[in-house]
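Everything on this sheet refers to the single structure shown next.
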There are 2 protein chains.
Amino acid sequence: MLVSAEDIKNMDQKFRALFVNSLSGFKSANLVGTQDNNGTTNLSIVSSVFHIGASPPLMGMIHRPETERSGHTIQNIRETGEYTLNHVNSLIIKQAHQTSAKYPKETSEFDAVGLSLEWSEQTKAPFVEESHIQLGLELREINHLEINGTYLIIGEITEVRLVDGIVGKDGFVDIEKASSVVVSSLDSYHVTEALGRLSYAKPDKPVTVIR
Amino acid sequence: MLVSAEDIKNMDQKFRALFVNSLSGFKSANLVGTQDNNGTTNLSIVSSVFHIGASPPLMGMIHRPETERSGHTIQNIRETGEYTLNHVNSLIIKQAHQTSAKYPKETSEFDAVGLSLEWSEQTKAPFVEESHIQLGLELREINHLEINGTYLIIGEITEVRLVDGIVGKDGFVDIEKASSVVVSSLDSYHVTEALGRLSYAKPDKPVTVIR
């Protein structure tokens, strides 16, 4: 099946959103925890978090134009300079998805969807207690992508909070064991089954499953 | 288990790479197809492709600093202004992973790993015949991220080539049916199992599984 640029342009808006959002492949599922300077907390699901670098440990996240519904997250990140990322696991997909509803700013999505606030001494933003992999981040920069009005938010990881028993001797974190889920398109949730880890690739020898 | 910024900084480099690369969650797995102006083709696996917007249809990709091993991809994208993204599926994970080996520029990874070139009339870059979801893209911009020397490559989708039977009536593409895989950390490959699609979230009613 062939779909041209012209076909995409002519699609109904909702059809196009589901279609194009499918094309990058599977996406991570994270809940962004923030608060404003008055202490009102906010929680928002995002499927746009990605790795930028390990040293320093940097995460990127695409945020839609601020005039639309989900402006509270970026406002809070600007105000406090801090946020959390919490892996969505298979036990909380409905609550996580529900955070995408348009709640008024004075409503905390934690209360509205039934997820629990957890705090650390270090980070001025709330974690999700039900999440098995929680990251505290400090804002490093917000880049406005002129090409479509979205924002690239870059943060540095300042603390990592993990359930026990998922970090291997070589540093690999078994996020499948932590029940982290993946998203496809806008609304589909999936669990994973490991095919294996592959050996470091070298030109002169075939890769093998290492565990 | 708590891991501080200081702990991350003090990790052995390989340990840190596996650890931090696990933290964003699961990642998409794509093969980037390019060629230079002499027609030498290149193929490189990336786990950093992400959705930026549907209208226009934009994809982002993080590319490591150019001085390191994988400079051929970004050089070719600069030269020709075009590239392809091809979903890695469960049948080709070893060949796909093997493209990360350091081959000399005159070697095509297609030949070296045993994947097949496929061409379209429109795109000046090769597709991977074995892939079930193939995208042709035109380069829109390359942003140097000063914070760690990486590059954000943004392209616009100009054609989509899909196996039959995976696009739903509402535009949703069943990438699980297409056997697209996910990556965690640097070297772990996973297939998925759908939990379901969830309804559009509204403040006044709970989300439900729609199919």
Can you list residue pairs whose Cβ atoms sit under 8 Å apart, with the first residue in the range A:20-45 being more than 7 Å from chain B (Cβ to nearest Cβ) and the second being of a type in the set (D, E) and in a loop (DSSP other than H, G, I, E, B)? Count only pairs 6 or more apart in sequence or on different chains. A:T40/A:E106; A:N42/A:D36
Can B:K9 be described as facing chain A (nearest Cβ under 7 Å), surrounded by fewer than 21 Cβ atoms within 10 Å (Cβ to Cβ), at negative phi and not in a strand (DSSP E or B)? no
Where in the range B:49-147 are the helices (runs of 4 or more DSSP H), entirely inside, with at least 3 residues that are open to solvent by 10 Å² or more (accessible area, probe 1.4 Å), away from chain A (no Cβ under 11 Å) and of a type outside the set (D, E, K, R)? B:71-80
Filter the range B:187-205 for residues that are surrounded by 15 or more Cβ atoms within 10 Å (Cβ to Cβ), assigned to a loop (DSSP other than H, G, I, E, B) and of a type outside the set (A, V, I, L, M, F, W, C) and give the result. B:D187, B:S199
Residue hits (the range B:167-186; under 15 Å from the mean Cα position of the chain (by Cα), within 7 Å of chain A (Cβ to nearest Cβ) and either free of Cβ contacts under 8 Å to residues at least 60 places away in the same chain or assigned to a strand (DSSP E or B) (or both)) are B:S180, B:V182, B:S184
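The values are calculated or read from the model by the stated rules, or taken from the named source; none is laboratory data. These numbers come from a predicted model, not from an experiment. Cβ coordinates were reconstructed from backbone atoms using ideal geometry, including for glycine residues, and neighbour counts include every protein chain displayed. When the accessible area is computed, the model is the full protein with side chains, heavy atoms only, and any ligands, DNA or RNA have been set aside. Shrake-Rupley method; radii C 1.70, N 1.55, O 1.52, S 1.80 Å.
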